Amino acid sequence: MVGKLLMRGMLAGIVAGLLTFGFARIVGEPQVDQAISFGEKVDAANGEAPEPELVSRHTQAGVGLLTGVVTYGAAFGGLFSLVFAFAYGRGSRLPARPLAAWLAAAAFVALVIVPSIKYPANPPAVGDHDTIGYRTGLFFLMIAISVATMAFSVSVRRHLLAKLGPWNASIVAGLAFVAIIAAVQIGLPSIDEVPAEFPAAVLWKFRVAAIGMQAIMWTTIGLLFGAWVERGERTGMRAA
């Protein structure tokens, strides 16, 4: 059973990766090109020689991007299916399709929205090369805290369910999640390394595209995986 779910999750992730690649090529890559052009102009103005191109821009925006997003989709689709397998019939009484949709929405909030509020994505030419490791560490720390807080909030809802009912328990759990995340984000150091002369429109469109890619990825995984599981259950019942 788990093996079938894992395969469906990975296939859903691959489909999600292909759709995300199409969106990234149309919406995201033009912003990357503009950011690279800005960086080259700044280097030229400072008298710095351009860095050697180890991988061509054409390859980065084509095969490289496709490989990255499809691999990402397959990996997270597989992890998603394992979380679904754990929750289905144990921690939740929801049918397969709504459970998959809720899990995908929770993953999108915990893995994308929360860390992006504190540490949003930046295009090339933005950020100090000397702080890449520091910024990456903070970003993954924010993800880990977000996931742990999400799990804690679900546990709070479960414990309050019998006493407060589904609606009130969900409100209390949601407020607990928001309060903890707000406190953590206030406490963590902020990073603002965007050059003053960098085009604001390019930065905004790039960050919107980054969120859009993740939205397409998780929406596709949640809806497609849930539909496949539900269809498999109906086929198994007819066969029985």
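A few notes on this one:
- Computed helical MRE - 222 nm, the chain, DSSP H runs ≥ 4 contributing -39500 (n - 2.57), nearest 500: -26000 deg cm²/dmol
- Relative contact order of the chain, defined on C-alpha pairs under 8 angstrom at six or more residues apart (%): 38
- Carbon + sulfur, % of accessible area of the chain - ligands and nucleic acids excluded, 1.4 Å: 69
- Two-site FRET efficiency, Val83 against Val178, from Cβ-Cβ distance with R₀ of 35 Å, rounded to 0.05: 0.95
- Annotation: per residue accessible area for the chain equals 59 Å², rounded to a whole number [probe 1.4 Å, protein chains only].
- For volume of the Cα convex hull per residue in Å³, the value computed from the atomic coordinates appears in the list [x] 143; [y] 158; [z] 204 under label [x].
- Simple label model, 7 Å out from Cα along Cβ direction - Ser155 to Trp167, nm: 2.8
- Stretched out straight at 0.36 nm per residue, the stretch from Asp192 to Tyr134 would grow longer than its current Cα-Cα span by 19.6 nm.
- For the peptides 218-227, 14-23, residues were scored by their other Cβ atoms within 10 Å and the scores averaged per peptide; the highest-first order is 218-227, 14-23.
- Of Ala210, Ala196, Ala96, the one that fluctuates the most in a GNM where the chain has Cα springs shorter than 10 Å: Ala196
The values are calculated or read from the model by the stated rules, or taken from the named source; none is laboratory data. Predicted model only: the values in this text are computed from it and were never measured. Quick reminder, even Gly has a Cβ in these numbers, built from the backbone with ideal geometry, and neighbours come from all protein chains shown. We work out accessible area using only protein heavy atoms, side chains counted, and drop any ligands, DNA or RNA first. Shrake-Rupley method; radii C 1.70, N 1.55, O 1.52, S 1.80 Å.
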